[in-house]
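Following: one structure in structure tokens, then a few remarks.
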Amino acid sequence: MNEKLAACPICNRSGENRFLEGEDYFLSRETFTITACSSCGFRYTNPRPTEESSGVYYQTDEYISHDAAKGGIIPTLYGIARYFTLRSKFRIVKRYSPGKTLLDIGCGTGEFLNFCQTKGFDCTGVEPSDKARSFAQKTYNLEVKSDFLTEVNQNRQFDCITLWHVLEHIHRLDETFVKLTKLLDKKGVLIVALPNSNSYDALHYGKFWAAYDLPRHIYHFTKDTLKTLAEKHHFACVKIIPQTLDAYYISMLSEKYQTGSSNYVKAFFHGMLSNWKGRDPQLGHSSEIYILKSKIV
Ligand SMILES: [Zn+2]
């Protein structure tokens with residue numbers, strides 16, 4: 001079941017322009033529309049599946065774990081890329097977090113939290129998928145809650161809260177930010193990684209851009225709209241770090257959606273070009289990591 005939003009989820013104003021119409025190339029092949037708020041420019045899927053009905057669009061093992069396929073060059077490359085990604089995420093947490101209590105929202109099967117745990121961090125996760133959550137609990141002995149808004153104790157305080165490609169899936173955006181503010185230590189840091197719908201690869205692939213990921217992604221942030229959302233909830237963006245590997249991965253998937261083939265050479269070329277052009281602040285990279293700090297003292 002779909003719901004149509006009457007107002008922009010960030011600025012609460014009505015008035016929208018059609019931005020793009022795209023398909024769920026990954027699973028359902030249904031068509032969805034992305035609109036852009038005529039006041040603040042925020043891009044969001046509208047209509048979108050309701051929170052209760054969105055589960056059906058995640059019903060595939062591949063979405064839970066991209067390394068499900070065994071053997072061959074792609075899973076091997078994916079495994080190597082995943083190791084580098086884990087390490088680079090940890091380095092960011094270590095650099096910006098003022099302490100060692102970490103909450104990872106949307107922790108999936110728990111590899112990142114386990115990595116941090118082995119480095120001495122006190123880790124808690126949130127993961128709505130039963131299968132992924134129980135894997136993380138059993139395999140890595142992690143504390144993982146099923147729901148952020150209802151299951152994470154309001155009185156806890158964390159030095160660092162991470163959302164790696166998760167915020168673009170969350171229906172109750174304001175409620176989530178209110179709770180994030182409560183849970184984050186005053187000196188704590190909120191780390192949010194998101195696709196950037198102003199990047200070169202987004203512009204190049206248009207409706208085939210894999211990081212629109214309709215309808216699982218209900219928001220399609222840019223650097224500006226993420227900052228607007230952060231400001232609304234009294235957060236300042238202190239640093240933006242590009243996720244350069246994402247440009248290659250997203251280009252490969254986008255080639256597949258556009259042509260039916262992964263076209264590795266072309267994907268590599270466009271990934272490289274996206275990283276090159278991403279240095280232009282007007283465009284930015286395929287995915288960006290935002291380091292946010294509360295302005296409430
Ligand atoms: Zn707006």
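Each row is one residue, and each column tells you yes or no for (1) at pLDDT below 95; (2) in contact with a helix residue (DSSP H, G or I) (Cβ under 7 Å, 6 or more places away or on another chain); (3) among the aliphatic types (A, V, I, L, M).
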{"site": "ASP147", "(1), (2), (3)": "no, no, no"}
{"site": "THR150", "(1), (2), (3)": "no, no, no"}
{"site": "LEU163", "(1), (2), (3)": "no, no, yes"}
{"site": "LEU190", "(1), (2), (3)": "no, yes, yes"}
{"site": "HIS204", "(1), (2), (3)": "no, yes, no"}
{"site": "ASP213", "(1), (2), (3)": "no, no, no"}
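Considering region 129-139, the residues that are at pLDDT 95 or above and out of contact with any Cys (no Cβ under 9 Å at 6 or more places or on another chain) include one that is surrounded by the most Cβ atoms within 10 Å (Cβ to Cβ), namely PHE135.
Quick one: how many residues across region 4-37 are part of a strand (DSSP E or B), of a type in the set (Ser, Thr, Tyr) and away from the ligand (no atom under 15 Å from the Cβ)? The number of residues fulfilling the criteria is 2.
Would you mind stating whether LEU167 is surrounded by fewer than 16 Cβ atoms within 10 Å (Cβ to Cβ) and touching a helix residue (DSSP H, G or I) at 6+ places or on another chain (Cβ under 9 Å)? No. The residues on offer are GLY125, GLY110, and the sole one that is small (Gly, Ala, Ser), on the phi > 0 side of the Ramachandran plot, buried (at least 22 other Cβ atoms within 10 Å of the Cβ) and free of Cβ contacts under 8 Å to residues at least 40 places away in the same chain is GLY110.
With respect to the conditions (1) over 21 Å from TYR58 (Cβ atoms); (2) buried (at least 22 other Cβ atoms within 10 Å of the Cβ); (3) in contact with a Ser or Thr (Cβ under 7 Å, 6 or more places away or on another chain), GLU143 lacks only one, and its number is (2). Scanning region 38-56 for residues that are within 12 Å of the ligand (Cβ to nearest atom), assigned to a loop (DSSP other than H, G, I, E, B) and in contact (Cβ under 8 Å) with a residue 60 or more places away in the chain yields a total of 3.
Selection over region 260-282 of residues that are surrounded by 14 or more Cβ atoms within 10 Å (Cβ to Cβ), part of a loop (DSSP other than H, G, I, E, B) and modelled with pLDDT under 95 gives a count of 2.
The number of residues in region 244-259 that are buried (at least 24 other Cβ atoms within 10 Å of the Cβ) and modelled with pLDDT under 95 comes to 1.
The values are calculated or read from the model by the stated rules, or taken from the named source; none is laboratory data. Bear in mind the structure is a predicted one, so any value in this text is a computation, not a measurement. Methodologically, a virtual Cβ is constructed for each residue, glycine included, from the backbone with ideal geometry; neighbour enumeration extends over all protein chains shown.
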